[in-house]
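Enquirer: There's a structure below that I have some questions on.
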Amino acid sequence: MGSGPVPEQRLRDLARLRRVKDRIDREYARPLDVEALARGAHMSAGHLSREFRAAYGESPYAYLMTRRIERAMTLLRRGEMTVTEVCFAVGCSSLGTFSTRFTELVGMPPSVYRREAAGTTTGMPACVAKQVIRPVRESVRNREAQVGTPSLA
């Protein structure tokens, strides 16, 4: 690949990928799967997955689940809903899958998070709170797993 202009088709593909990402951000609580997202972007599921990973560093499914977990964290911190209610409110249909993925991304089960995180962001500006409570992304976890324990140096 040279340093010349980006081909027009590549720009169209990137625009479609951005629309897929935006749709996930808006509709995370709805039933979404890669096939439906691909149909909406006029791509095959495999092509969408490959291109999305190349553009954003994780698969569309991993991005969707991360968005759901981010929203779940907010709902659990409020303490007004049970873990099961939160699971279904963010679009997950399996409590087991939700709990497993939550634990992988956050480092603790949702029930423990609900109990320990209540009120942790009270008085904190929303822009700061968002960064403080953001779960570890899939690509970061994979990189750390391959390299081992990250050093602080």
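Enquirer: Limited to the range 79-96, what total is found for residues that are in a helix (DSSP H, G or I), within 22 Å of residue 21 (Cα to Cα) and out of contact with any Phe, Trp or Tyr (no Cβ under 7 Å at 6 or more places or on another chain)?
Expert: Result for the range 79-96: 2.
Enquirer: Turning to a different aspect of this structure: Just give me the residues in the range 112-126 being at pLDDT 70 or above, open to solvent by 40 Å² or more (accessible area, probe 1.4 Å) and closer than 17 Å to residue 71 by Cβ, in sequence order.
Expert: Of everything in the range 112-126, those that are at pLDDT 70 or above, open to solvent by 40 Å² or more (accessible area, probe 1.4 Å) and closer than 17 Å to residue 71 by Cβ turn out to be 114, 118.
Enquirer: Right, another one. Just a yes or no: is a residue in the range 69-78 open to solvent by less than 30 Å² (accessible area, probe 1.4 Å), part of a helix (DSSP H, G or I) and over 25 Å from residue 111 (Cβ atoms)?
Expert: no
Enquirer: If you don't mind, another one. Please go through the range 18-38 and pick out each residue that is within 12 Å of the chain's Cα centre (by Cα), in a helix (DSSP H, G or I) and buried (at least 19 other Cβ atoms within 10 Å of the Cβ).
Expert: 24
Enquirer: Which of the residues belonging to the range 85-110 are of a type outside the set (A, V, I, L, M), surrounded by 14 or more Cβ atoms within 10 Å (Cβ to Cβ) and over 14 Å from the mean Cα position of the chain (by Cα)?
Expert: 87, 88, 99, 109, 110
Enquirer: While we're on this one: Taking the range 59-68 only, how many residues are buried (at least 18 other Cβ atoms within 10 Å of the Cβ) and touching a Phe, Trp or Tyr at 6+ places or on another chain (Cβ under 8 Å)?
Expert: Of the residues in the range 59-68, 5 are buried (at least 18 other Cβ atoms within 10 Å of the Cβ) and touching a Phe, Trp or Tyr at 6+ places or on another chain (Cβ under 8 Å).
The values are calculated or read from the model by the stated rules, or taken from the named source; none is laboratory data. Treat the numbers as computed from the prediction; the structure is a model and nothing was measured. Cβ coordinates were reconstructed from backbone atoms using ideal geometry, including for glycine residues, and neighbour counts include every protein chain displayed. Please note that ligands, DNA and RNA were not included when accessible areas were found on the heavy atoms of the full protein model with its side chains. Shrake-Rupley method; radii C 1.70, N 1.55, O 1.52, S 1.80 Å.
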